[in-house]
Each structure stands twice: as C-alpha cells, then as structure tokens.
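Asker: Mind looking over this structure? Questions follow.
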Amino acid sequence: MKENLKEHWEIIYKTKQPNEVSWTQDVPAVSLEFIHKFHIPKAAKIIDIGGGDSKLVDFLLTEGYTNVSVLDISEAAILRAKERLGNDVNKVKWIVSDILDFKPNEMYDVWHDRAAFHFQTDPEKIEKYLNIVKNATNGMVIIGTFSVDGPKKCSGLEIRQYDEDGMKEKFEKSDFKNVECKREDHITPTGAVQNFVFCSFMKQLAHSNLQEV
C-alpha cells in the first residue's frame, strides 16, 4: 500500500501543475500568522510536513529563517520546489519520506503540517503520527486539516475531517497544550471553497525552546 501511495503522489506531481491541484496557496497566510504570533527566532528549527512544492518555505527564507526542512513523500514535489527556489535551494534540508516512516535525527522547534495529518484515517496510523510529533518536537506544532465543513476526500484519497475539539483531543493527549484554533476558507485555483481548521499547540512536560509572546 505504501508503494501505491508514493506512486500516487509521484504521478500527481509529475502530471499536474500547481493551478491544477486544489491545495495550491499563493500565500500560506494562517501558517505565517501563527508563526509570527510566537515571534519564532530566525535560527529556530522548522519543518514543513508534506510541504511538497508549498510556498511556505519561500516565505520563511525571505523572512530570514535559516534552519528550515521540508518533508514530502513525493520526490517529484521536492524537485519542483528545488527548481523554484533556484539559488536558495541549499538553504533548505530536503527529506523524501512517508511521514510514518520518518525517523528524525534532530528536535524541531516548529512542526508545521497542512498536508499529511488528515490523510491518517486509521487509528493506529494517527497514533504513530502523534508519537513521531511528540518525540521530534520541543516547541510549537501547527496543524491544518479539512474541517467538518470541508471536503471528505483529497486527490481521490480518503481523509479524516476535524473540528477544533477533535484536534485538541488528539494533540493534548500527546503533551501539547492548545494555543489557538481558527477556520480558513481556502479558495482553490478553480474557485472552489474548502474549509480548513488550523490549530497551534505548545509542547508541555518539557522546557520548550519557544515562549508565547
């Protein structure tokens, strides 16, 4: 199944342009808003899970962040992002991996995910994801998923919808304290509206490197 999943995303990124997929954002506004609220230090270790060819990395580099990683299951997505960044490509750590196979070798100050968590529909896979986050993050987690008012599928794959309470329940049992949740109506390149719920959390039971301002 994993090989099929990887193949699925490789085909998507090899055959479709950004204006042909629903998740494209010119400006990742809510993600940046949450990061700005916490005045994340420029040297903070930030990872974008399922980042693909998302432009979040572009904005982070422009703002002066110096320790950014992007993980995606699709090598084609990573290559597309590398081509777009041009001379800035070596400022980013690129990781090609299924999130559930990811074995981090460093602790992150900020874990951002607008792409991978809601594809975890099986309870065991959700638990595995949460354990990876818990063991790899010593600061802030920003998660964006389709809300209960959003789509039930993405790219032909089943997803799990969340409301604010459902998101809090998952992450608070993994030692993260909820900071904020908000909804966003994402406008796709074709003009459709997709409702997302974004929640930010701060690591508990540890001395986080980040403090709310």
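Asker: Of all residues in the range 139-164, count the ones that are assigned to a strand (DSSP E or B) and within 16 Å of the chain's Cα centre (by Cα).
Answerer: 11
Asker: Here's a follow-up. Confirm whether S31 is within 13 Å of the chain's Cα centre (by Cα) and part of a helix (DSSP H, G or I).
Answerer: Yes; evaluated as a whole, the condition is true for this residue.
Asker: Look at the range 173-187 and say how many of its residues are touching a strand residue (DSSP E or B) at 6+ places or on another chain (Cβ under 6 Å) and outside any strand (DSSP E or B).
Answerer: 0
Asker: I would also like to ask the following. List the pairs whose first member sits in the range 138-166 and is within 16 Å of L5 (Cα to Cα), whose second member is in a loop (DSSP other than H, G, I, E, B) and at pLDDT 90 or above, and whose Cβ atoms are under 6 Å apart, counting only residues at least 6 apart or on separate chains?
Answerer: Matching pairs, first to second residue: E158/T121.
Asker: Would you pick out the residues in the range 37-74 that are over 18 Å from D88 (Cβ atoms), at pLDDT 95 or above and in contact with a Lys or Arg (Cβ under 7 Å, 6 or more places away or on another chain)?
Answerer: Correct list: empty.
Asker: Give the residues of the range 165-189 that are among the acidic types (D, E) and either within 11 Å of K203 (Cα to Cα) or under 18 Å from the mean Cα position of the chain (by Cα) (or both), sorted by residue number.
Answerer: E172, D175, E180, E184, D185
Asker: So if I check each of K134, K152, which one is of a type in the set (K, R), in contact with a Phe, Trp or Tyr (Cβ under 9 Å, 6 or more places away or on another chain) and under 16 Å from C199 (Cα atoms)?
Answerer: Step by step, each of K134, K152 is checked, and only K134 is of a type in the set (K, R), in contact with a Phe, Trp or Tyr (Cβ under 9 Å, 6 or more places away or on another chain) and under 16 Å from C199 (Cα atoms).
Asker: Of the conditions (1) over 16 Å from I49 (Cβ atoms); (2) surrounded by fewer than 16 Cβ atoms within 10 Å (Cβ to Cβ), V197 clears all except one; give me its number.
Answerer: Going through (1) over 16 Å from I49 (Cβ atoms); (2) surrounded by fewer than 16 Cβ atoms within 10 Å (Cβ to Cβ) one by one, V197 breaks only (2).
The values are calculated or read from the model by the stated rules, or taken from the named source; none is laboratory data. All values reported here derive from a predicted model rather than from experimental measurement. Here Cβ is always computed from backbone atoms with ideal geometry, including for glycine, and neighbour counts include all displayed protein chains.
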